[in-house]
Amino acid sequence: MSAQTATAVTNQTSTQTFQKPTTTQNFADIYQSSIENKEQFWAEQAKRIYWHKEPEQILDDSNLPFAQWFVGGETNLCYNCVDRHLEERAEQDAFIWLSSEINQELIETYPAVIDAFKDLGNNVEFYTDYTKRRLTYNDLYKEVNYFADVLKRHGIEKGDRVIIYMPMILEAAYAMLACARIGAVHSVVFGGFAAHNLAIRMDDAEAKMVITVDAGLRGGKVINYKSLVNQGIEQAAVKPEHVLVVNRGILPFEVKELDVDYATERRISCEANVIVEPVWLESNTPSYLLYTSGTTGTPKGVQRDTGGHAVALTTSMDYIYDGKAGETFWAISDIGWAVGHSYTIYAPLLAGMTSIIYEGLPHQPNPGIWWRIVEANKVNILFTAPTGVRMLKKQDETWMTRYDVSSVKSFFLAGEPLDESTASWLTKHLGVPILDHYWQTESGWPILSNTPRFNDKPHKQGSPGYPMYGYDAQVINEETGEPCKAGEKGLLAIRAPLPPGCLTTVWRNDKRFIDSYFSLADSNQYSTSDYAVVDEDGYFHILGRTDDVINVAGHRLGTQEIEEAISRHAEVAECAVVGIQDELKGELPIAFCVLKDYELVATTENRFRLEQQVIGAVVKSLGGIARPAAIYFPQALPKTRSGKILRRAIRALAENKPTGDMSTLDNPTAIDAVKQSMKDY
Ligand code: ATP
Ligand code: MG
């Protein structure tokens, strides 16, 4: 399709001008107005996106804790992400896809990969260490239209659920945006999940279609997606009507009855130059489901709306991330997680930015790969979880200094507590603020953050910041519901209505929404299930999950506080603290420390010294009550692919109990490492 067609399409609707709300450039004022004059505040923010029909009512809070935003308004996420930018930035990159998995060696092993690229589009550049595909907004417009046409031709309509089980490739982004374009509800299932997890989600969502690939790659290892989908379908009670397969030419597979080849179908749409008109959706129409990772309990289908989601993400790109149209944003996450949905796909596009999609590990082909990508693509804003950074911290520091990273203006971290030493390591090398911020799958965008765009609240190292506009967040006493004073520990809660963009309910289970999130004494308080404390200056500190708190002789201790104290030890790369049963004291903390250099504990003498130092560090910062009963030195800690330490599993190992569901575990050998460390003792 030519740029001409693209312009013609935009003209239909380009009468509306998009305004950036006028601000006083003072975050405290913005926050206050968002809480005191909610409707006025969000009515202003709503002007950031295109509405096919303006909302009739900004907020309907007549049925709290359920809230409806921008009632009666009609919009389309895909239109706002793609079509809207064609007039101004058709030739700007929307996505830059980089894969360090598709390298010279892989292509030699799987030559069909090259042909697959030809079948799926163009713009492929091969480098020695990675493969790159660039996609302008105009290219994206075309691809999303083809994809939407393929979906439609296979019976997908507004409201149908589509499971996307794909690695980090561009087609996954097209699939998400194409669903949004026609009003289908996507549910991306993380590629690391096995057939069983897939089946649970297929059944709960009653998915009409599954979109997948022949294979994915992780550290050179081939992951057989197609076969996992086949197994998932066998196990599922509700079978999809079609399985749309993007064949990457990696792994030959037997074509099944439900299978549809994407490249063949794409060609049909492409030759006909098909344009699929966006379906205008009432603001509260579900846009997607994302099942919680299930680090704890069984997965819940977090449901997001359409208009509120678009407004919230667009606003966050400005007020929180300070991202500007034309700049490059790289959220180093997987599209299977909320971060990947919000900040790899939707938000950068809503804001007219370029987003990087990376298929690969942080240390492959070498620990300089992130910084090489930053240099080559002039990345402006980075966002990842601390775990990736900790991995790099263990490597030779010079990897970082080889590249020009001066394009970076800020680096955000979330998902796990950010320890001081990881933050300082990164600051030292990047020379920019490392901004911790806090959010959940449920919120979809930050609840607490630092805001580099404003200067009335300077960034404070060691804190994920303060409540973001729209979140009436407080630390409350768990029993009485009363707000805690500065310095007093409590539960982090948010008063309903939750702002736009947050989950609106649990898919087809309003009761579970209430039971899981609104079961505190005050039924209008959302419980984050995290403990926190506010300091004298109003900065929040997360103390850990409510289920990670241990009770030592009647004293409640957050395992995270103990971990923070231990992480300050120069030789410790990362650690996990869990509580084990103790007849006398109820529970006792024990610590598992991964050292930067494992060989350090080869001698009993050294081990003893380290143990004493670690214990000393804890006692010094938290008092004798927090004294760990034992210190172990495993070579690794069990983690989920999103980088969360599976403390539940570690605790089970320490208590010699079964570890339970381990399907989210990323590094199975860590289980043995933990067991071994206790034997060594
Ligand atoms: P599940 O809800 O299925 O158990 P999960 O809670 O691990 O999964 P997410 O929604 O991705 O899945 O994670 C949100 C949680 O991560 C928060 O509730 C909090 O415990 C933790 N978290 C996120 N950001 C931070 C941060 N900056 N500092 C400390 N903890 C954080
Ligand atoms: Mg959670």
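Couple of notes before you dig in:
- Residue check for Val619: free of Cβ contacts under 8 Å to residues at least 24 places away in the same chain and either within 24 Å of Thr387 (Cα to Cα) or more than 16 Å from ligand 2 (Cβ to nearest atom) (or both): yes
- 2 or more residues within 18 Å of Gly183 (Cα to Cα): qualifying strands (runs of 3 or more DSSP E) within segment 44-155: 66-71
- Looking only at residues in segment 397-415 that are farther than 12 Å from Leu430 by Cα and touching a residue at least 40 places away in the same chain (Cβ under 8 Å), the one that is nearest to ligand 2 (Cβ to nearest atom) is Gly415.
- Within segment 438-453, restricting attention to residues that are in a loop (DSSP other than H, G, I, E, B) and open to solvent by less than 10 Å² (accessible area, probe 1.4 Å), the residue that is farthest from ligand 1 (Cβ to nearest atom) is Thr451.
- The set of residues in segment 645-656 being part of a loop (DSSP other than H, G, I, E, B) and either touching a helix residue (DSSP H, G or I) at 6+ places or on another chain (Cβ under 8 Å) or of a type in the set (A, V, I, L, M, F, W, C) (or both) consists of Leu646 alone.
- Those strands (runs of 3 or more DSSP E) of segment 500-568 in which 1 or more residues are modelled with pLDDT of 90 or more and among the β-branched types (Val, Ile, Thr) occupy 525-534, 540-545.
- Count - residues of segment 415-437 that are part of a loop (DSSP other than H, G, I, E, B) and either within 17 Å of Cys575 (Cα to Cα) or more than 12 Å from ligand 1 (Cβ to nearest atom) (or both): 8
- Condition check for Leu610: aliphatic (A, V, I, L, M), open to solvent by 20 Å² or more (accessible area, probe 1.4 Å) and either more than 30 Å from Ala331 (Cβ to Cβ) or at pLDDT 90 or above (or both): no
- Taken over segment 657-676, the criterion of being farther than 22 Å from Pro417 by Cβ and part of a helix (DSSP H, G or I) is satisfied by Thr669, Ile671, Asp672, Lys675, Gln676.
- Count of residues meeting criterion [within 16 Å of ligand 2 (Cβ to nearest atom) and either β-branched (Val, Ile, Thr) or over 19 Å from Lys644 (Cβ atoms) (or both)] in segment 416-444: 1
- For Glu359, the criteria (1) within 12 Å of ligand 1 (Cβ to nearest atom); (2) over 14 Å from the mean Cα position of the chain (by Cα); (3) surrounded by fewer than 23 Cβ atoms within 10 Å (Cβ to Cβ) hold in every case but one, which is (1).
- Matching residues in segment 269-295 - criterion: being among the aliphatic types (A, V, I, L, M), more than 16 Å from ligand 1 (Cβ to nearest atom) and closer than 21 Å to Ala173 by Cβ: Val274, Ile275, Val276, Val279, Leu281
- Any hit, segment 627-643, residues being among the charged types (D, E, K, R) and either over 21 Å from Ser333 (Cα atoms) or more than 32 Å from the chain's Cα centre (by Cα) (or both): yes
- Residue list for segment 24-49, filter: crowded, with 20+ Cβ neighbours inside 10 Å and hydroxyl-bearing (Ser, Thr, Tyr): Tyr31, Ser34
- Of Val243, Val238, all but one fail to be over 21 Å from Ser99 (Cβ atoms) and assigned to a loop (DSSP other than H, G, I, E, B); the exception is Val238.
- When Asp515 is tested against the conditions (1) within 16 Å of ligand 2 (Cβ to nearest atom); (2) open to solvent by 50 Å² or more (accessible area, probe 1.4 Å); (3) in contact with a strand residue (DSSP E or B) (Cβ under 8 Å, 6 or more places away or on another chain), the lone failure is (3).
- Residues being in contact (Cβ under 8 Å) with a residue 24 or more places away in the chain and under 30 Å from the mean Cα position of the chain (by Cα) - total across segment 242-261: 11
- Leu392 in contact with a Pro (Cβ under 6 Å, 6 or more places away or on another chain) and modelled with pLDDT under 95: yes
- Scanning segment 192-225 for residues that are buried (at least 24 other Cβ atoms within 10 Å of the Cβ) and part of a loop (DSSP other than H, G, I, E, B) turns up just one, Ala207.
- Residue list for segment 514-524, restricted to those being without any contact (Cβ under 8 Å) to a residue 60 or more places away in the chain and either of a type in the set (Gly, Ala, Ser) or closer than 26 Å to Ala310 by Cα (or both): Ser519, Ala521
- Any hit, segment 332-340, residues being without any contact (Cβ under 8 Å) to a residue 60 or more places away in the chain, within 16 Å of ligand 2 (Cβ to nearest atom) and in a loop (DSSP other than H, G, I, E, B): no
- Test for Ile625: is it in contact (Cβ under 8 Å) with a residue 60 or more places away in the chain and outside any strand (DSSP E or B): yes
The values are calculated or read from the model by the stated rules, or taken from the named source; none is laboratory data. No experiment lies behind these values; they were computed from the predicted model shown. Positions of Cβ are backbone-derived with ideal geometry, glycine not excepted, and every protein chain shown enters the neighbour counts. With ligands, DNA and RNA removed, areas are computed over all heavy atoms of the protein, side chains included. Shrake-Rupley method; radii C 1.70, N 1.55, O 1.52, S 1.80 Å.
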